[in-house]
Amino acid sequence: MTHLRSRRRLGLAVPLVLSLTATLGFLPTASSAAPLTEPAVQATDASSLAYVVNTRTDHRTIESVKKAIRAAGGTVVTAYERIGVIVVHSANPEFARTIRAVRGVQSAGATRTAPLKAAGTTDEGPVQPLTKQQAAKIVGAAKGATTGTATPEPLEADQWDLRAIGADKAAQINPGSRKVTVAVIDTGVDDTHPDLAPNFSASQSANCVGGKADTSEGAWRPYTSGDYHGTHVAGEIAAARNGVGVAGVAPGVKVAGIKVSDPDSGLFYPENVVCAFVFAADHGVEITNNSYYVDPWLYNCKDDPDQKAIVDAVNRAQLYAQRKGTLHVASAGNSNHDLASDAIEDASSPNDTTPVPRTIDPSVCLDIPTQLPGVLTVSATGVQKAKSYYSSYGHRVVDVAAPGGDGRYQVPDTPSKNGRILSTLPDGGYGFLQGTSMASPHAAGVAALLKSRYPKATPAQLTALLKVQADNPGCPDSYDQNGDGTQDAVCEGGKRLNGFYGAGIVDALDAVD
């Protein structure tokens, strides 16, 4: 959602990887590289499309619709009967039109505009490694730093984001409960990373690609080291304070990985996200982090039958999870769009074929899951606590803000002088990224601290608590970031609630104190 909020959307900065396993001696030697997963090849005709069919939830209706699906040339992949969502593959070009006319079907549509393809891996290109000298400088600074923690992590001197929200001090009071799990719905999580292994929950992890959960050992891991986004997000939330690398906002809670990125394109298709929300709910996950938007549409317009079906299916799944006690935290996006405006130019949809530029009304064409009811929406800030230049915003759309990094206009006084966010990468690495993808997990981490303190809090109550402890800078007098005399974004609202920060920047220390 960068709105990537996922790696393709993140594209705001090249990651700097710290492969320090043997170089500096503070990381344990890995017994093996992360056993990255092989994508499961989809046995389907090249001209097939994937669909979601939304029905009433009674068993009789669902069975009747399944029969109609087969008659229309469809194959049922899986059916989430409790929410009335059926995932289907079909090569029949008239499938959606035919099935919409079936009694009991409330909406139905294709979840992509390109035919299903055989699986393949993605290639993110080369990463930019830090030199040994740069890494040593960070470690040396951390050893001499007084960050408010009894034992700073080796790379913590570069984690300006933890200090910005008091997470370093909060860890001394309450690092979070092992009874709280945050599931990272993303590109997969490398649970063999030494900073993630102590807090990883395999029993609450899965691969949901294709719309059906695969819980086999390691299925949740990224396909390749280039699929680093989910591992980075997981470290921001719950990297352990174990004397290795970095620390997370809530280093005492558990983290799970639910992989939803397509192995061929890297896209986050609706049926995968539906599966993820239902799986999280059914496996006792308290909080999900959603640093993405559901592909292939940046905004889903409900006057289009396919896009309406996508909204309906994903919303049913996320509401089901909310009813079972799961809070969803989502990134606002990296397009610098005003989500409360009357019109937005969307030039990127659909992103699985050829985009067709269009003007949309964000009050009726929704960025999902961000704009779905009950989902906590997070904008990004930099070290100076100003809105990050790329972050989308919107009065009464953004709920809270959190550090997401700003390497262009907000440079911290840290050893690396890097305004982005340092966190974990696959194969025992570390790197810098920026985006609302990084803001959302900071808020999810603070929500996990609140859930640890108030274990009986509902998702709505957690949202309220998160807003109460937030600190709001208020709208700036000017937001001319590049100094060209033109406002780069306009903040509406007052000191208590505004479009840049919502209720304010999350505060981990206030959450536990």
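The values are calculated or read from the model by the stated rules, or taken from the named source; none is laboratory data. Everything quoted here is computed from the prediction, not taken from an experiment. Glycine also receives a Cβ, built like all others from the backbone with ideal geometry; neighbour counts cover every protein chain displayed. Note: areas computed on protein heavy atoms with side chains; ligands, DNA, RNA excluded. Shrake-Rupley method; radii C 1.70, N 1.55, O 1.52, S 1.80 Å.
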Exercise for review: Could you grab me the full set of residues in the range 301-315 that are over 12 Å from GLY109 (Cα atoms) and in contact with a Lys or Arg (Cβ under 9 Å, 6 or more places away or on another chain)?
Suggested key: CYS301
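Output the residue which, of all residues in the range 259-292 that are of a type in the set (Gly, Ala, Ser) and at pLDDT below 95, is farthest from THR224 (Cα to Cα).
Pass one, the range 259-292, residues of a type in the set (Gly, Ala, Ser): 261, 265-266, 276, 280-281, 284, 291.
Filter once more, keeping what is at pLDDT below 95: 265-266.
Details: SER265: 13, GLY266: 11 Å.
Selected residue: SER265.
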Revision key, fill the gap. Note: among THR215, THR151, just one is modelled with pLDDT of 95 or more and of a type in the set (Ser, Thr, Tyr), namely THR215
Review point. Considering only residues of the range 387-415 that are of a type in the set (A, V, I, L, M, F, W, C) and closer than 19 Å to ARG163 by Cα, which is most open to solvent (accessible area, probe 1.4 Å)?
Key: VAL411
Revision key, fill the gap. Picked from the range 204-247 (must be among the β-branched types (Val, Ile, Thr) and closer than 30 Å to GLN172 by Cβ), the residue surrounded by the fewest Cβ atoms within 10 Å (Cβ to Cβ) is VAL244
Exercise for review: Taking only the range 257-295 into account, find how many residues are crowded, with 24+ Cβ neighbours inside 10 Å, under 19 Å from ASN334 (Cβ atoms) and not aliphatic (A, V, I, L, M).
Suggested key: 8
Review point. Are there any pairs, at least 6 apart or on different chains, whose C-beta atoms fall under 9 Å, with the first in the range 254-266 and under 14 Å from ARG112 (Cβ atoms) and of a type in the set (Ser, Thr, Tyr) and the second part of a strand (DSSP E or B) and at pLDDT 95 or above, and if so, which?
Key: SER261/ASP186; SER261/PHE268
Review point. Could you give every pair whose Cβ atoms fall below 8 Å, whose first residue belongs to the range 451-473 and is closer than 15 Å to GLN322 by Cβ, and whose second residue is open to solvent by 50 Å² or more (accessible area, probe 1.4 Å), counting only separations of at least 6 or pairs across chains?
Key: ALA457/LEU465; GLN461/TYR454; LEU462/TYR454
Review point. Among (1) more than 17 Å from GLY188 (Cα to Cα); (2) open to solvent by 10 Å² or more (accessible area, probe 1.4 Å); (3) assigned to a helix (DSSP H, G or I), where does ASN351 come up short?
Key: (3)
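If you go through the range 457-470 one residue at a time, how many are of a type in the set (S, T, N, Q), more than 22 Å from PHE500 (Cβ to Cβ) and in a helix (DSSP H, G or I)? Quick ask: steps written out before the conclusion?
Kept after step one, since they are of a type in the set (S, T, N, Q), are these residues of the range 457-470: 458, 461, 463, 469.
Narrowing further to those that are more than 22 Å from PHE500 (Cβ to Cβ): 458, 461.
Applying the additional criterion that residues be in a helix (DSSP H, G or I) yields 461.
Residues that pass the stated criteria total 1.
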**Study point:** the range 68-82: number of residues that are under 13 Å from THR98 (Cα atoms) and open to solvent by 60 Å² or more (accessible area, probe 1.4 Å)
**Key:** 2
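In the range 359-370, how many residues are open to solvent by 40 Å² or more (accessible area, probe 1.4 Å) and polar (S, T, N, Q)? Let's see the steps before the verdict.
Pass one, the range 359-370, residues open to solvent by 40 Å² or more (accessible area, probe 1.4 Å): 359, 361, 363-364.
Remaining after also requiring polar (S, T, N, Q): 359, 363.
Adding up the residues that qualify gives 2.
Can you give me the number of residues within the range 462-484 that are polar (S, T, N, Q) and farther than 24 Å from ALA234 by Cα? Before you say what the answer is, go through the steps one by one.
Of the residues in the range 462-484, the ones polar (S, T, N, Q) are 463, 469, 472, 478, 481-482.
Now restrict to residues that are farther than 24 Å from ALA234 by Cα: 472, 478, 481-482.
Count: 4.
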Practice item. Determine which single condition ALA170 fails, assuming it passes every other condition in (1) closer than 19 Å to ALA281 by Cβ; (2) touching a helix residue (DSSP H, G or I) at 6+ places or on another chain (Cβ under 7 Å). Key: (1)
Point to revise | Qualifying position, being modelled with pLDDT of 95 or more, charged (D, E, K, R), over 30 Å from VAL446 (Cα atoms) and surrounded by fewer than 24 Cβ atoms within 10 Å (Cβ to Cβ), among ASP312, ASP303 | key: ASP303
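Working carefully through the options VAL246, VAL209, VAL233, find the one that is among the β-branched types (Val, Ile, Thr), modelled with pLDDT of 95 or more, in a loop (DSSP other than H, G, I, E, B) and out of contact with any Gly (no Cβ under 9 Å at 6 or more places or on another chain). Give the derivation first.
Details: VAL246 fails: out of contact with any Gly (no Cβ under 9 Å at 6 or more places or on another chain); VAL233 fails: in a loop (DSSP other than H, G, I, E, B).
Only one candidate passes the filter, namely VAL209.
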Review point. So which residues in the range 153-203 are touching a Pro at 6+ places or on another chain (Cβ under 9 Å), part of a loop (DSSP other than H, G, I, E, B) and open to solvent by 10 Å² or more (accessible area, probe 1.4 Å)?
Key: PRO175, GLY176, SER177, LYS179, THR192, PRO194
Point to revise | Condition check for GLN384: open to solvent by less than 10 Å² (accessible area, probe 1.4 Å), part of a loop (DSSP other than H, G, I, E, B) and under 18 Å from PRO476 (Cα atoms) | key: no
Point to revise | Residue list for the range 416-456, restricted to those being of a type outside the set (D, E, K, R), open to solvent by 10 Å² or more (accessible area, probe 1.4 Å) and part of a helix (DSSP H, G or I) | key: SER452
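Report whether or not VAL87 is of a type in the set (A, V, I, L, M) and modelled with pLDDT of 55 or more.
Details: of a type in the set (A, V, I, L, M): yes; modelled with pLDDT of 55 or more: yes.
When the stated conditions are applied, VAL87 passes them.
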**Study point:** Unique residue being closer than 23 Å to ARG496 by Cα and in contact with a helix residue (DSSP H, G or I) (Cβ under 8 Å, 6 or more places away or on another chain) when the list is ALA439, ALA443, ALA386
**Key:** ALA443
Revision key, fill the gap. Matching residues in the range 336-348 (in a strand (DSSP E or B), open to solvent by 30 Å² or more (accessible area, probe 1.4 Å) and farther than 16 Å from ASP399 by Cα) number 1
Exercise for review: Quickly run through the range 457-497 and pick out the residues that are exposed (fewer than 14 other Cβ atoms within 10 Å of the Cβ) and among the acidic types (Asp, Glu).
Suggested key: ASP477, ASP480, ASP484
